[in-house]
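Worksheet: the structure to be examined is printed underneath.
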Amino acid sequence: MTYREQTKPVRIGDKVIGGGNPILIQSMTNTPTQDVEATVAQIHRLEAVGCEIVRCTVPNGAAAKALSQIKKRISIPLVADIHFDYKMAVAAMENGADKIRINPGNIGGIDKVTEVVKVAREKNIPIRVGVNSGSLERSLLEKYGGVTAEGIVESALDKVHMIEDLGYDNLVISIKSSDVMMCVKAHELLAPKTPYPLHVGITESGTLFSGNIKSGIGLGLILHQGIGDTIRVSLTGDVVEEVKSAKVILRTLGLRRGGIEVVSCPTCGRTKIDQISLANQVETLAARFPHLSIKVAVMGCAVNGPGEAKEADLGIAGGVGEGLLIKKGEIIRKIPESEFLSVLQYELENWKEEN
């Protein structure tokens, strides 16, 4: 098994993945890339919640040209997503892309791949070789009797070997499927067979609800085995939610510190405060403090609330229209329910100075 500590280091802009470097969080814009203002605005939103690498689609020349303007206005590496037209890969690199994502099987043959690799080598730009279960070659579908983990891995390695044969090895690999367990198996098969860093994700995982569950299970199983150097949680929804979910997955697995962990009770008949609304507001508030590495508890009643809140760094233990503010295991004071959020915000804003 090739674990993330053993994968080849690859530089993407000012970041390095692989070789035991921290697992980085990616997302992808869904604005028209040629709309520079909209794309930059969305990337700034992603940056604000902790996105570390961002990918933009480059379907045409206008989008490729826009990359140079976008890159000047953002602070994270910019990856160009290419399909079908090798000229867009070349144009993206000429306009400052820090990495390109291609499927060498769908950009027109070995001569076109050669042109892409030539420019990548000149500029020392990494190529992410991406293969999805939906893009398997007919020969592999026939060989394995349909879409299988084995077929996905063979397809990816064939593309990697194609580029290696051209004398280039500044590579990242991604293999994705919407079938969670097939995706897990494919990564388990691929990891021992390649030294390159792996970008991990469950593709087309679905909505915020189902997509988070599928991604949490799939990424959890893969990452816990030591596989994976970058991740994306692919969701049908606001791209900001992808980054927030990725951070929770990494923190839950003990693979990242930083950012506030919010714990909250599920509510019951004893709850006498608006627990659900409060917990959601606190989670939104917490995203504004990515520099803090603390646990915040939002508890709804007097039975388990005080004890659970005392285990956190900061917490509210709800009562009847009021609650206890608890810090580092100590009850500070009672506060009315109407002040819960403002008091927590004040405490978070001043946490660094006090501790």
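Things worth noting here:
- Across the chain, C-alpha contacts under 8 Å between residues 6 or more apart give a mean separation that, scaled by the residue count, equals a relative contact order of 13 percent.
- For the chain, the share of accessible area belonging to carbon and sulfur comes to 52 percent (1.4 Å probe, ligands and nucleic acids excluded).
- Principal-axis tilt of helix 208-223 within the chain, Cα atoms, nearest 10 degrees: 70 degrees
- Computed from backbone phi, the HN-Hα couplings of the stretch 4-19 come to 4, 5, 9, 6, 5, x, 10, 8, 10, x, 9, 10, 10, 10, x, x Hz, rounded to whole numbers (Karplus: 6.51 cos²θ - 1.76 cosθ + 1.60, θ = phi - 60°; Gly and Pro given as x).
- Once the Cα atoms are used to define both axes, helix 61-72 deviates from the longest principal axis of the chain by about 50 degrees.
- Axis of helix 239-252 versus longest Cα principal axis of the chain: the two differ by about 70°, to the nearest ten degrees.
- Per residue, the solvent-accessible area of the chain (1.4 Å probe, heavy atoms of protein chains only, all protein chains present) comes to 43 Å².
- Under a model in which nothing but the beta-carbon of Lys, Arg (+1) and Asp, Glu (-1) is charged, the stretch 1-76 shows a dipole of about 200 debye around its Cα centre.
- Multiplying the residue separation of residue 38 and residue 350 by 0.36 nm and subtracting their alpha-carbon distance yields 109.0 nm.
- Cut-off under 5 Å, modelled amide H: who pairs with residue 253 long-range: none
- FRET efficiency, 1/(1 + (r/R0)^6) with R0 25 Å, evaluated for residue 251 and residue 335 via beta carbons: 0.35
- For the chain, the Cβ-based charge dipole about the Cα centre amounts to some 340 debye (Lys, Arg positive; Asp, Glu negative; other atoms uncharged).
- DSSP bridge orientation in the chain - percent antiparallel, rounded to nearest 5: 30 percent
- Charge dipole magnitude, Cβ of K and R +1, D and E -1 - the stretch 236-331, Cα centre, debye nearest 20: 260 debye
- Peptide packing: for 267-276, 245-254, 195-204, the average count of neighbouring Cβ atoms within 10 Å per residue gives the ranking 195-204, 245-254, 267-276, highest mean first.
- Among residues other than residue 203 with Cβ under 11 Å from its Cβ, the summed charge is +1 (Lys and Arg +1, Asp and Glu -1).
- Per-residue ³J(HN,Hα) for the stretch 145-152, Karplus 6.51 cos²θ - 1.76 cosθ + 1.60, θ = phi - 60°, Hz, x for Gly and Pro: x, x, 7, 9, 4, 4, x, 4
- Estimated FRET transfer efficiency when R0 is 41 angstrom, pair residue 135-residue 328 (beta carbons, to 0.05): 0.20
- For residue 73, no residue has an amide H sitting under 5 Å from its own, ignoring neighbours fewer than 5 places away on the same chain, with H placed 1.01 Å from N.
- Overall Cα dimensions of the chain - principal axes, largest extent first, Å: 72, 44, 32
- Distances between every pair of Cα atoms in the stretch 139-292, grouped in 5 Å steps from 0 to the bin holding the largest one, split as 1, 9, 15, 16, 17, 14, 10, 7, 4, 3, 2, 1, 0, 0 percent.
- Three-way shape label, the stretch 1-144, alpha-carbon gyration tensor, a/c 1.5: oblate
- Globularity ratio of the stretch 1-59, using Cα Rg and 2.2 N^0.38 Å: 1.36
- Only helices enter this figure: runs of n ≥ 4 DSSP H residues, each worth -39500 (n - 2.57), summed and divided by the residues of the chain, yield -12500 deg cm²/dmol at 222 nm to the nearest 500.
The values are calculated or read from the model by the stated rules, or taken from the named source; none is laboratory data. Since we're looking at a predicted model, the values are computed, not measured. Neighbour counts run over all protein chains shown; Cβ positions are idealised from the backbone, glycine included. Just so you know, the surface numbers come from the protein's heavy atoms only, side chains and all, with ligands and any DNA or RNA stripped out. Shrake-Rupley method; radii C 1.70, N 1.55, O 1.52, S 1.80 Å.
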